[in-house]
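Below: one structure, written as C-alpha coordinates.
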Amino acid sequence: MPLALEEAAALRSLGNYAQAHRRLAAASTGSEAPVDGHISLLTQRALAAARIRDSTDEPPALLEQAGRLLPKDEGANPGPGLRLTLARAEILSLDGRLSDLPVSLGDDFADPAAPPGLRLMAGIRRGQQEAAAGRFDEALTLAALIRDRLAGGIPADVRTREQFFHHLFFLLVRCGELGQALALTESVARPGNGTGLRAGAGTELPAGLVHAYAGRGDAALD
(Lines give C-alpha, C1' and ligand atoms only; values in the text may rest on other atoms or scores of the structure.)
Protein backbone atom coordinates (compact mmCIF):
# COMPACT_ATOMS: atom_id res chain seq x y z
CA MET A 1 0.00 0.00 0.00
CA PRO A 2 2.75 2.58 0.71
CA LEU A 3 4.08 2.02 -2.81
CA ALA A 4 0.62 2.58 -4.29
CA LEU A 5 0.26 5.83 -2.34
CA GLU A 6 3.66 7.06 -3.47
CA GLU A 7 2.99 6.17 -7.10
CA ALA A 8 -0.41 7.84 -6.99
CA ALA A 9 1.03 11.00 -5.42
CA ALA A 10 3.62 11.20 -8.20
CA LEU A 11 0.95 10.67 -10.87
CA ARG A 12 -1.27 13.35 -9.35
CA SER A 13 1.62 15.81 -9.30
CA LEU A 14 1.96 15.27 -13.06
CA GLY A 15 -1.76 15.75 -13.62
CA ASN A 16 -2.41 12.08 -14.39
CA TYR A 17 -5.47 11.88 -12.15
CA ALA A 18 -7.23 9.06 -13.99
CA GLN A 19 -4.14 6.86 -13.80
CA ALA A 20 -3.64 7.73 -10.13
CA HIS A 21 -7.25 6.86 -9.41
CA ARG A 22 -6.93 3.48 -11.14
CA ARG A 23 -3.80 2.71 -9.12
CA LEU A 24 -5.51 3.58 -5.84
CA ALA A 25 -8.76 1.80 -6.69
CA ALA A 26 -6.80 -1.36 -7.47
CA ALA A 27 -4.71 -1.19 -4.29
CA SER A 28 -5.65 -3.60 -1.52
CA THR A 29 -5.13 -2.34 2.00
CA GLY A 30 -5.44 -5.73 3.68
CA SER A 31 -6.74 -6.25 7.18
CA GLU A 32 -3.26 -5.94 8.63
CA ALA A 33 -2.69 -2.45 7.22
CA PRO A 34 -2.55 0.39 9.78
CA VAL A 35 -5.56 2.66 10.15
CA ASP A 36 -3.51 5.63 8.88
CA GLY A 37 -2.88 3.68 5.68
CA HIS A 38 -6.56 2.97 5.15
CA ILE A 39 -7.38 6.64 5.68
CA SER A 40 -4.64 7.82 3.32
CA LEU A 41 -5.75 5.42 0.60
CA LEU A 42 -9.38 6.52 0.78
CA THR A 43 -8.41 10.20 0.98
CA GLN A 44 -6.07 10.11 -2.01
CA ARG A 45 -8.61 8.10 -3.98
CA ALA A 46 -11.25 10.76 -3.27
CA LEU A 47 -8.92 13.56 -4.36
CA ALA A 48 -8.10 11.78 -7.62
CA ALA A 49 -11.77 11.00 -8.30
CA ALA A 50 -12.72 14.64 -7.75
CA ARG A 51 -10.68 15.63 -10.79
CA ILE A 52 -12.07 12.97 -13.12
CA ARG A 53 -15.19 13.65 -15.14
CA ASP A 54 -17.90 10.99 -14.68
CA SER A 55 -15.89 9.09 -12.06
CA THR A 56 -17.63 6.02 -10.67
CA ASP A 57 -16.42 7.04 -7.19
CA GLU A 58 -18.19 9.64 -5.07
CA PRO A 59 -15.47 11.68 -3.29
CA PRO A 60 -17.71 12.72 -0.34
CA ALA A 61 -18.64 9.08 0.26
CA LEU A 62 -14.97 8.05 0.25
CA LEU A 63 -14.11 10.81 2.72
CA GLU A 64 -17.03 9.84 4.93
CA GLN A 65 -15.76 6.26 4.92
CA ALA A 66 -12.28 7.49 5.88
CA GLY A 67 -13.75 9.64 8.63
CA ARG A 68 -15.35 6.61 10.26
CA LEU A 69 -11.87 5.11 10.64
CA LEU A 70 -10.49 8.01 12.66
CA PRO A 71 -9.72 7.21 16.30
CA LYS A 72 -12.07 8.81 18.80
CA ASP A 73 -9.21 10.64 20.52
CA GLU A 74 -7.15 12.40 17.85
CA GLY A 75 -5.38 14.81 20.19
CA ALA A 76 -2.11 12.90 20.28
CA ASN A 77 -2.09 12.22 16.53
CA PRO A 78 -4.01 14.90 14.63
CA GLY A 79 -2.30 14.11 11.31
CA PRO A 80 -4.87 11.71 9.78
CA GLY A 81 -7.79 13.90 10.77
CA LEU A 82 -6.11 17.00 9.35
CA ARG A 83 -5.35 15.21 6.08
CA LEU A 84 -9.03 14.41 5.85
CA THR A 85 -9.98 18.03 6.57
CA LEU A 86 -7.57 19.27 3.91
CA ALA A 87 -8.96 16.78 1.40
CA ARG A 88 -12.47 18.13 2.03
CA ALA A 89 -11.11 21.66 1.61
CA GLU A 90 -9.41 20.80 -1.68
CA ILE A 91 -12.56 19.24 -3.13
CA LEU A 92 -14.66 22.23 -2.06
CA SER A 93 -12.12 24.63 -3.58
CA LEU A 94 -12.27 22.73 -6.87
CA ASP A 95 -16.00 23.47 -6.89
CA GLY A 96 -15.36 27.13 -6.09
CA ARG A 97 -17.02 26.76 -2.69
CA LEU A 98 -14.39 28.56 -0.63
CA SER A 99 -16.98 29.93 1.78
CA ASP A 100 -17.84 26.33 2.73
CA LEU A 101 -14.30 25.31 3.71
CA PRO A 102 -14.07 23.54 7.10
CA VAL A 103 -14.35 25.97 10.01
CA SER A 104 -11.55 24.15 11.84
CA LEU A 105 -8.80 25.32 9.45
CA GLY A 106 -7.80 28.28 11.62
CA ASP A 107 -7.48 26.07 14.69
CA ASP A 108 -5.59 23.45 12.67
CA PHE A 109 -3.08 26.09 11.57
CA ALA A 110 -2.51 27.03 15.21
CA ASP A 111 -2.26 23.43 16.49
CA PRO A 112 1.38 22.75 17.53
CA ALA A 113 0.72 18.99 17.56
CA ALA A 114 -0.16 18.90 13.86
CA PRO A 115 2.53 17.97 11.31
CA PRO A 116 4.21 21.21 10.11
CA GLY A 117 3.45 20.76 6.41
CA LEU A 118 -0.21 20.06 7.08
CA ARG A 119 -0.43 23.04 9.44
CA LEU A 120 0.86 25.34 6.72
CA MET A 121 -1.58 23.95 4.16
CA ALA A 122 -4.41 24.55 6.64
CA GLY A 123 -3.23 28.14 6.90
CA ILE A 124 -3.16 28.49 3.12
CA ARG A 125 -6.71 27.18 2.79
CA ARG A 126 -7.85 29.52 5.53
CA GLY A 127 -6.12 32.37 3.72
CA GLN A 128 -7.91 31.48 0.49
CA GLN A 129 -11.22 31.56 2.33
CA GLU A 130 -10.44 34.96 3.84
CA ALA A 131 -9.41 36.38 0.46
CA ALA A 132 -12.52 35.01 -1.24
CA ALA A 133 -14.62 36.83 1.37
CA GLY A 134 -12.72 40.08 0.74
CA ARG A 135 -10.84 39.95 4.04
CA PHE A 136 -7.52 40.69 2.39
CA ASP A 137 -5.67 41.94 5.48
CA GLU A 138 -6.41 38.67 7.28
CA ALA A 139 -5.35 36.65 4.24
CA LEU A 140 -2.08 38.57 3.91
CA THR A 141 -1.33 38.15 7.61
CA LEU A 142 -1.69 34.39 7.21
CA ALA A 143 0.49 34.44 4.08
CA ALA A 144 3.23 36.29 5.99
CA LEU A 145 3.10 33.80 8.87
CA ILE A 146 3.32 30.87 6.46
CA ARG A 147 6.30 32.38 4.66
CA ASP A 148 8.09 33.00 7.97
CA ARG A 149 7.59 29.39 9.03
CA LEU A 150 8.81 28.10 5.68
CA ALA A 151 11.89 30.28 5.84
CA GLY A 152 12.54 28.98 9.35
CA GLY A 153 12.71 25.45 7.98
CA ILE A 154 10.19 22.62 8.00
CA PRO A 155 10.46 19.00 6.82
CA ALA A 156 8.79 18.93 3.40
CA ASP A 157 9.55 17.27 0.08
CA VAL A 158 10.04 19.07 -3.23
CA ARG A 159 6.46 18.51 -4.43
CA THR A 160 5.07 20.01 -1.22
CA ARG A 161 7.33 23.06 -1.47
CA GLU A 162 6.20 23.57 -5.06
CA GLN A 163 2.57 23.43 -3.91
CA PHE A 164 3.27 26.04 -1.24
CA PHE A 165 4.77 28.39 -3.83
CA HIS A 166 1.83 27.87 -6.18
CA HIS A 167 -0.78 28.56 -3.49
CA LEU A 168 1.05 31.52 -1.94
CA PHE A 169 1.60 33.12 -5.35
CA PHE A 170 -2.08 32.99 -6.27
CA LEU A 171 -3.15 34.03 -2.77
CA LEU A 172 -1.09 37.22 -3.16
CA VAL A 173 -2.56 37.77 -6.63
CA ARG A 174 -6.10 37.28 -5.30
CA CYS A 175 -5.37 39.91 -2.66
CA GLY A 176 -4.21 42.34 -5.35
CA GLU A 177 -0.61 42.29 -4.10
CA LEU A 178 1.04 41.93 -7.49
CA GLY A 179 4.29 43.48 -6.29
CA GLN A 180 4.55 40.92 -3.50
CA ALA A 181 3.70 38.11 -5.91
CA LEU A 182 6.49 39.20 -8.26
CA ALA A 183 8.97 39.62 -5.39
CA LEU A 184 8.08 36.13 -4.14
CA THR A 185 8.66 34.71 -7.61
CA GLU A 186 12.01 36.47 -7.98
CA SER A 187 13.17 35.31 -4.55
CA VAL A 188 12.32 31.68 -5.35
CA ALA A 189 14.31 31.93 -8.59
CA ARG A 190 17.54 32.67 -6.72
CA PRO A 191 19.69 29.63 -5.80
CA GLY A 192 19.84 29.01 -2.06
CA ASN A 193 17.09 31.57 -1.58
CA GLY A 194 16.21 30.46 1.96
CA THR A 195 12.47 30.83 1.39
CA GLY A 196 11.68 27.14 1.88
CA LEU A 197 9.83 27.27 -1.46
CA ARG A 198 10.48 25.65 -4.82
CA ALA A 199 9.21 26.44 -8.32
CA GLY A 200 8.21 23.40 -10.33
CA ALA A 201 9.51 24.38 -13.78
CA GLY A 202 11.09 27.80 -13.57
CA THR A 203 9.55 31.14 -12.68
CA GLU A 204 8.99 32.67 -16.11
CA LEU A 205 5.29 31.80 -16.21
CA PRO A 206 4.32 33.25 -12.80
CA ALA A 207 6.40 36.37 -13.49
CA GLY A 208 4.68 36.75 -16.86
CA LEU A 209 1.29 36.35 -15.22
CA VAL A 210 2.03 39.18 -12.79
CA HIS A 211 2.95 41.48 -15.67
CA ALA A 212 -0.22 40.47 -17.51
CA TYR A 213 -2.43 41.10 -14.47
CA ALA A 214 -0.74 44.50 -14.08
CA GLY A 215 -1.46 45.41 -17.71
CA ARG A 216 2.17 45.22 -18.81
CA GLY A 217 1.48 43.25 -21.99
CA ASP A 218 4.93 43.61 -23.57
CA ALA A 219 6.71 42.50 -20.40
CA ALA A 220 4.30 39.55 -20.05
CA LEU A 221 4.93 38.41 -23.62
CA ASP A 222 8.69 38.73 -23.17
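The values are calculated or read from the model by the stated rules, or taken from the named source; none is laboratory data. Since the model is a prediction, treat every value here as computed from it, not as a measurement. No Cβ is skipped: glycine too gets one built from the backbone with ideal geometry, and neighbour counts run over all protein chains shown. All accessible areas refer to the heavy atoms of the entire protein, side chains included, with ligands and DNA or RNA removed. Shrake-Rupley method; radii C 1.70, N 1.55, O 1.52, S 1.80 Å.
Collect the residues in region 24-43 that are modelled with pLDDT of 80 or more, surrounded by fewer than 20 Cβ atoms within 10 Å (Cβ to Cβ) and not aliphatic (A, V, I, L, M), keeping them in residue-number order. 36, 37, 38, listed by residue number. Within region 86-94, is there a residue that is at negative phi, among the charged types (D, E, K, R), touching a Pro at 6+ places or on another chain (Cβ under 8 Å) and buried (at least 16 other Cβ atoms within 10 Å of the Cβ)? Yes, region 86-94 contains at least one residue that is at negative phi, among the charged types (D, E, K, R), touching a Pro at 6+ places or on another chain (Cβ under 8 Å) and buried (at least 16 other Cβ atoms within 10 Å of the Cβ).
Using the structure shown, decide if residue 158 is open to solvent by 60 Å² or more (accessible area, probe 1.4 Å) and either farther than 17 Å from residue 109 by Cβ or modelled with pLDDT under 95 (or both). It is true that residue 158 is open to solvent by 60 Å² or more (accessible area, probe 1.4 Å) and either farther than 17 Å from residue 109 by Cβ or modelled with pLDDT under 95 (or both).
Residue 195 passes every criterion in (1) surrounded by 15 or more Cβ atoms within 10 Å (Cβ to Cβ); (2) part of a helix (DSSP H, G or I); (3) β-branched (Val, Ile, Thr) apart from (2).
Of all residue pairs spaced 6 or more apart or on separate chains, those with beta-carbon atoms under 7 Å, a first member in region 81-101 that is without any contact (Cβ under 8 Å) to a residue 24 or more places away in the chain and a second member that is open to solvent by less than 20 Å² (accessible area, probe 1.4 Å) are 92/101. Of everything listed in (1) modelled with pLDDT under 85; (2) surrounded by fewer than 12 Cβ atoms within 10 Å (Cβ to Cβ); (3) not small (Gly, Ala, Ser); (4) not in a helix (DSSP H, G or I), the single unmet condition for residue 71 is (2).
In the condition set (1) touching an Asp or Glu at 6+ places or on another chain (Cβ under 7 Å); (2) open to solvent by less than 40 Å² (accessible area, probe 1.4 Å); (3) not polar (S, T, N, Q), residue 200 is compliant with all but (2). For region 111-153, residues that are in contact with a His (Cβ under 7 Å, 6 or more places away or on another chain) and at pLDDT below 95 total 0.
Set side by side, the residues 51, 83 differ, and just one is open to solvent by 20 Å² or more (accessible area, probe 1.4 Å), in contact with a Leu (Cβ under 9 Å, 6 or more places away or on another chain) and not in a helix (DSSP H, G or I), which is 51.
Taking region 120-175 as the range and being part of a loop (DSSP other than H, G, I, E, B) and of a type in the set (S, T, N, Q) as the test, no residue passes.
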